[in-house]
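See structure below.
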Amino acid sequence: MPAISSSRRLGIFALVVLVASTPSAAPSSAPDAELLAGIRQVQEGDFEGAALTLDGVARRLGEDPGRTHDLAQANLYLGIAYVGLDQRPAAKDRFRQAIEADRDLRLSLDRFSPKVLTLFEEARREAEAHRQTPGKGGAKTGWLILGITGAAAATALVVKGTSSSSGTAQFTRARFGTPVIVCPDGSHGQPISFTILVDANNGTSEQVTVNSVTSTIVIVSSDIPSEIGQASSFPSTVTPDTVGAQSQATLTIASTLLCFNDIGDAPRFNEWSGHATLTTSAGVFVLDAADRLRINIP
């Protein structure tokens, strides 16, 4: 993990202070190593890494009815990580899950920032209101986001690099390879895969190598207005990662987003825009997907 500057460390400690036991009774089993690792990542300001670690921990512990204390802690600190990533709806959703796992869970002002406390208390009020309304249905509350970045601004194709005397390297026609995805009913943080296809045309006399790739998808249409602008940017891979001299290829950028779909809620869908950045031996290429990714939430 990159070194964290002194100023950023101050901001991190303003968000969450060193972990201590919660008011809930301590679990009788040994501490969960992955859970402790995820909490440590939050403390160190590695919110992206913490989101990935703690999501996996929460899904695993959710299948063990005897680990409700640890499950509450996993969701609590996952929510704090999302606060650090400015993903308020996702953070509140995790706080609600933490409260459902441990209804006695309380946060103190001396350990957590006002920003965390405010959102946590909002989640508590909503959870209590939901419990007091038997048979309540309503719109889907699961987000297909839980992303690593905030809302991403739209970008046009940008090329920064060099070309040989025999031609140029171009990366164009970004579009979703999986235009429709279904988030299964009852999913809780289930990773689902999507792809973005890019046409590569290497007119140079040298092989072009893709050194790194990132992708970001952003909700642009949703039945829930607060979802619009939410973004996801989990790690991406690209295949193939080289384009031979004087040749063409279709690159497949693969990534994931997390699927949340509560059982019993009304069907809905949302739509996402896509952005990809390719750092290559011929320059940096930033592309917008020409179409939209539709997520069906049955």
Inset, instruction - Please go through the range 49-124 and write out the GluC sites (Glu not before Pro) that DSSP classes as loop and that have at most 14 other C-beta atoms within 10 Å. - result: GLU63
Inset, instruction - Along Cα→Cβ, 7 Å out, is where each label goes; now give me the distance between the ones at ASN211 and ASP104 in nm to one decimal. - result: 5.5
Inset, instruction - Count charges around ILE217 for me, please; just the other residues with Cβ under 13 Å from its Cβ, Lys/Arg as +1, Asp/Glu as -1. - result: -1
Legend entry - Cβ-based exposure ranking for LYS115, LYS92, in which fewest neighbours within 10 Å come first: LYS115, LYS92
Legend entry - Label-zone membership for the range 36-59, site SER193, 7 angstrom Cα→C-beta point, backbone N under 19 Å: 56
Inset, instruction - Using every Cα-Cα pair within the range 158-297, state what percent have a distance larger than 17 Å. - result: 60
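No value in this document is a laboratory result; all are computed from the given coordinates. All of these numbers come straight from a predicted model, not from anything done at the bench. Neighbour counts run over all protein chains shown; Cβ positions are idealised from the backbone, glycine included.
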